[in-house]
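*Asks:* This is the structure I want to talk about, given as structure tokens.
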């Protein structure tokens, strides 16, 4: 009797549990059913990427997937992209394009249905390092009377490291030094810039060292005329039409005291004795003691001596063209009216271009008193012409006292 009662109680309890489970399942299916849900734009992390060897070719690239899951509505309704782990394993990948599976992990009690895309194309680039020379660009203007010599830099090369495309795009490594108003050497450690061909700073680049030591010598200078040292003369019947020198001047350096005494720099002797044609000479420059060329590569000049056959012509001038010089105070002078004929020589190619405006005629009355005098006419003419003869060579002058 007791045993049967016990069996009945047990059966009732089991039946109650079954009914409760069924009731719970009914309630869950009706009130919190299984649903399918898509979480969009789940960020994908790259794991196990050795960034000392490989990096993304496009550093701004972002990888995302859509994840389809199933679970109770209460679990999936508030599910966010951050609640899902999406990763791509980068171990063993190579430079270039890599098609990589996306591994996704969802929270407990949620079933992963699908991932789209399941694989993503990732382009990687090797990290390389190269040595590049350092250049120094000087800006600004030094103090007057000074100039900056070429800069020295140490070390002369720096190591740049980064993605292959970034390193290969480096056009120059440059230090900018401003010498505005400086009259003393500039010495110090300075940062440099890594630039591409468009002058833009390269990103994603690291470099060693971070700074370089730069020395910019600033020295006293002077711009000095170069005088060609011509020796000898062409034969009779020929003339030096022109002498050209390249460069016509040179920047020299030395102490400020030595520079103050330098008027010009001469060339070594240039012998044109008996030459009858134009000749160009490459000649050394002669520097005074303590003076050197500012540009160490400039120590010579090119001198061209134009030699032509001599021709003659005549010019007719009136005595009104004669200038009176040296007349004493209280005296006046009048020159007789006469025509003066000048015989002029010059290079054959330009003798026809000589004219009266190139000539200056004068008489010198220094020491002469009132009365009539015969005075020699003196003449001067622009180079390369020469006055051979003036006819008449003397002219009659009347000097009078100025009445008070």
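*Asks:* Taking strands (runs of 3 or more DSSP E) that do not extend beyond segment 60-141, which have at least 3 residues that are in contact with a strand residue (DSSP E or B) (Cβ under 9 Å, 6 or more places away or on another chain) and surrounded by 15 or more Cβ atoms within 10 Å (Cβ to Cβ)?
*Replies:* Answer list for segment 60-141: 64-72, 85-89, 119-139.
*Asks:* Same structure, new question: Yes or no: residue 290 in contact with a helix residue (DSSP H, G or I) (Cβ under 9 Å, 6 or more places away or on another chain), loosely packed, with under 15 Cβ neighbours inside 10 Å and under 26 Å from residue 248 (Cα atoms)?
*Replies:* yes
Condition check ((1) touching a helix residue (DSSP H, G or I) at 6+ places or on another chain (Cβ under 7 Å); (2) under 30 Å from residue 56 (Cβ atoms)) across all residues:
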residue: 143; (1), (2): no, no
residue: 160; (1), (2): yes, yes
residue: 166; (1), (2): no, yes
residue: 180; (1), (2): no, no
residue: 196; (1), (2): no, yes
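*Asks:* Another one. Hey, which of the strands (runs of 3 or more DSSP E) in segment 247-311, taking only ones fully inside, have at least 3 residues that are over 26 Å from residue 183 (Cα atoms)?
*Replies:* 279-286
*Asks:* Being free of Cβ contacts under 8 Å to residues at least 24 places away in the same chain and within 30 Å of residue 344 (Cα to Cα) narrows it down to one of 248, 228, so name that one.
*Replies:* Testing whether each residue is free of Cβ contacts under 8 Å to residues at least 24 places away in the same chain and within 30 Å of residue 344 (Cα to Cα) leaves just 248.
*Asks:* Which of (1) out of contact with any helix residue (DSSP H, G or I) (no Cβ under 9 Å at 6 or more places or on another chain); (2) at pLDDT 85 or above does residue 15 not meet, given it meets every other one?
*Replies:* All conditions are met except number (2).
*Asks:* Now for a separate question. From 252, 262, 212, which residue is within 30 Å of residue 171 (Cβ to Cβ) and either in the same structural domain as residue 56 (by TED's automatic domain parsing) or surrounded by 14 or more Cβ atoms within 10 Å (Cβ to Cβ) (or both)?
*Replies:* None of the others qualify; the one that does is 212.
*Asks:* Here is a follow-up. Considering every residue within segment 172-179, establish whether at least one is without any contact (Cβ under 8 Å) to a residue 24 or more places away in the chain and in a strand (DSSP E or B).
*Replies:* No.
*Asks:* If only one of 382, 329 is surrounded by fewer than 13 Cβ atoms within 10 Å (Cβ to Cβ), closer than 21 Å to residue 240 by Cβ and outside the structural domain of residue 241 (by TED's automatic domain parsing), which one is it?
*Replies:* 382
*Asks:* Residue by residue through segment 24-56, note down the ones that are out of contact with any helix residue (DSSP H, G or I) (no Cβ under 7 Å at 6 or more places or on another chain), outside any strand (DSSP E or B), surrounded by 10 or more Cβ atoms within 10 Å (Cβ to Cβ) and at pLDDT 65 or above.
*Replies:* Residues satisfying the conditions are 48, 49, 50, 51, 53.
*Asks:* With respect to residue 86, is the statement that it is farther than 30 Å from residue 38 by Cβ and in contact (Cβ under 8 Å) with a residue 24 or more places away in the chain true?
*Replies:* No; evaluated as a whole, the condition is false for this residue.
*Asks:* If a residue counts only when it is touching a residue at least 60 places away in the same chain (Cβ under 8 Å), which strands (runs of 3 or more DSSP E) contained entirely in segment 320-404 have at least 3 such residues?
*Replies:* 331-335, 339-347, 394-401
The values are calculated or read from the model by the stated rules, or taken from the named source; none is laboratory data. Fair warning: this is a prediction, and the values are worked out from it, not measured in the lab. Cβ: placed from backbone, ideal geometry, glycine included. Neighbour counts: every protein chain shown.
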